[in-house]
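Contents: one structure, followed by commentary.
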Amino acid sequence: MTSEHTFTLKQERRLVTEIPGPRSRELQRRRTGAVPPGVGSVLPVYVAEAGGGVVVDVDGNSLIDFGSGIAVTNVGNANPRVVERVREQAGRFTHTCFMVTPYESYVAVCEALNRITPGDHDKRSFLVNSGAEAVENAVKIARYATGRPAVVVFDHGYHGRTLLTMTLTAKNMPYKHGFGPYAPEVYRMPLAYPYRWPTGPDECGPQAAAQAIDQITKQIGAENVAAVVIEPIQGEGGFIVPGRGFLPALAEFCRANGILFIADEVQTGFARTGDLFACEHEGVVPDLVATAKGIAGGLPLAAVTGRADIMDKVHPGGLGGTYGGNPLACEAALAVLEEIERGDLTARARRIGEIMLPRLRALAERHPSIGDVRGRGAMTAIELVRPGTKDPDPGLTSEVARRCHEAGLLVLTAGTYGNVLRFLPPLVIPEHLLNEGLEILERAFDAA
């Protein structure tokens with residue numbers, strides 16, 4: 001699984017101090033005097049190096065990385081190809097603003113996105129800085145192109161922290177609480193959540209789609225809806241894979257009613273799920289796609305890609321931003337796309353899923369607190385509940401995560417109820433580290 005990759009860091013878990021160690025604790029003390037508490041961190045170990053499947057902290061501990069900076073370092077942290085392209089670009093120029101004097105790498109990234117995103121229609125792309133900015137611009141474009149005000153989103157969805165994307169996001173705490181009033185003309189519909197659908201997972205997709213379409217038609221009016229915005233697999237909401245048939249039914253409804261289908265592929269994009277984009281799993285071709293996270297190996301970059309007839313409607317100067325498509329980030333993105341293709345990282349993501357999902361299902365058989373195992377490729381999760389019920393158990397979730405962290409495995413939590421452990425290993429993680437991480441997770445459950 002890793003024969004094609006050469007790592008600059010030794011690919012091993014190594015604990016030389018407690019987690020977090022003394023230097024990390026000292027930096028944390030400095031942080032409390034400089035950074036507001038509203039900026040949280042999953043695990044206060046301060047990073048010195050990272051690469052492949054490990055993160056090395058300032059105390060010399062080497063932790064197995066099942067987070068990838070929240071699905072950002074898909075090609076591995078400090079990927080040599082990315083580093084070299086960025087280094088060369090930094091020596092030429094670091095910024096001009098594409099809206100002032102443009103440059104080739106921006107155009108090349110847009111050409112690549114137009115080529116690889118779902119659908120063989122004529123497309124256009126433009127570049128911004130973050131996933132939230134991409135989603136917000138996709139909605140702007142949809143409203144401009146359709147002349148309609150309403151936007152439909154779904155239960156458990158997460159789309160960002162700006163005013164509009166915070167409004168689109170479902171979860172109150174910590175993302176929305178106290179930050180209102182929110183943006184108008186945003187309507188939330190039920191999601192096809194197989195584990196929690198009242199009649200069970202088999203009929204979840206068609207039933208949820210019918211319910212959502214009925215509510216849109218009756219409560220908003222399809223003729224008033226500019227866009228439906230959805231994550232093909234929900235991220236912060238708990239890695240919920242919508243019931244089969246849900247996404248295609250929504251896309252068909254949108255096509256029939258002049259509504260633009262916006263796929264938020266911010267967390268799912270760039271080979272993470274075993275396809276280049278998660279929409280491809282059910283053959284859904286969105287009108288607009290928002291991408292970010294895995295696009296540039298850790299440099300801030302995001303994009304909106306869409307049908308040319310839609311994207312070309314916006315007047316000159318209506319889209320842009322000072323830093324959007326920074327030349328360093330563009331070179332990084334071109335390197336990432338090369339790495340995905342040369343390393344066949346979609347296949348690697350599928351291989352990761354083939355290893356993780358059976359192990360997680362076996363763990364669930366031993367531990368009735370695991371109510372659901374789900375995901376695709378290298379985007380997997382387990383949902384924790386009180387045994388014999390579907391009542392969320394966020395306390396146990398936090399306890400298992402804490403034990404993993406102490407043992408040198410970086411894991412993330414998620415979910416509307418705070419009861420999901422999500423796993424996002426780099427797609428280049430060595431197989432021995434992947435299996436060792438799963439062993440740590442198993443021991444954490446046994447101990448907890």
Practice task
Answer yes if at least one residue in the stretch 322-345 is surrounded by fewer than 24 Cβ atoms within 10 Å (Cβ to Cβ), within 20 Å of P102 (Cα to Cα), touching a strand residue (DSSP E or B) at 6+ places or on another chain (Cβ under 8 Å) and modelled with pLDDT of 95 or more, and no otherwise.
Solution key: no
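Take G269 and decide whether it is within 20 Å of the chain's Cα centre (by Cα), free of Cβ contacts under 8 Å to residues at least 40 places away in the same chain and buried (at least 24 other Cβ atoms within 10 Å of the Cβ).
Taking the combined requirement at face value, the residue satisfies it.
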Fill in the blank from the handout: L164: passes all of (1) surrounded by 19 or more Cβ atoms within 10 Å (Cβ to Cβ); (2) touching a Gly at 6+ places or on another chain (Cβ under 9 Å) but (2)
Fill in the blank from the handout: Of the candidates R376, R366, the one satisfying the condition of being over 30 Å from S24 (Cβ atoms) and more than 21 Å from the chain's Cα centre (by Cα) is R366
Exercise for the section: Report whether or not F126 is farther than 12 Å from V229 by Cβ, outside any loop (DSSP other than H, G, I, E, B) and in contact (Cβ under 8 Å) with a residue 60 or more places away in the chain. Expected result: yes
Exercise for the section: State whether one or more residues within the stretch 172-190 are within 29 Å of R376 (Cα to Cα), out of contact with any Ser or Thr (no Cβ under 9 Å at 6 or more places or on another chain) and in contact (Cβ under 8 Å) with a residue 60 or more places away in the chain. Expected result: yes
Practice task
Within the stretch 288-335, track down each residue that is polar (S, T, N, Q) and part of a loop (DSSP other than H, G, I, E, B).
Solution key: T322, N326
Exercise for the section: Examine the stretch 90-103 for a residue that is within 24 Å of L276 (Cα to Cα) and of a type in the set (G, A, S), and state whether such a residue exists. Expected result: no
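The values are calculated or read from the model by the stated rules, or taken from the named source; none is laboratory data. Here the structure is a predicted model, which means the values were calculated and not measured. All Cβ positions, even for glycine, are placed from backbone atoms using ideal geometry, and neighbour counts span all protein chains on display.
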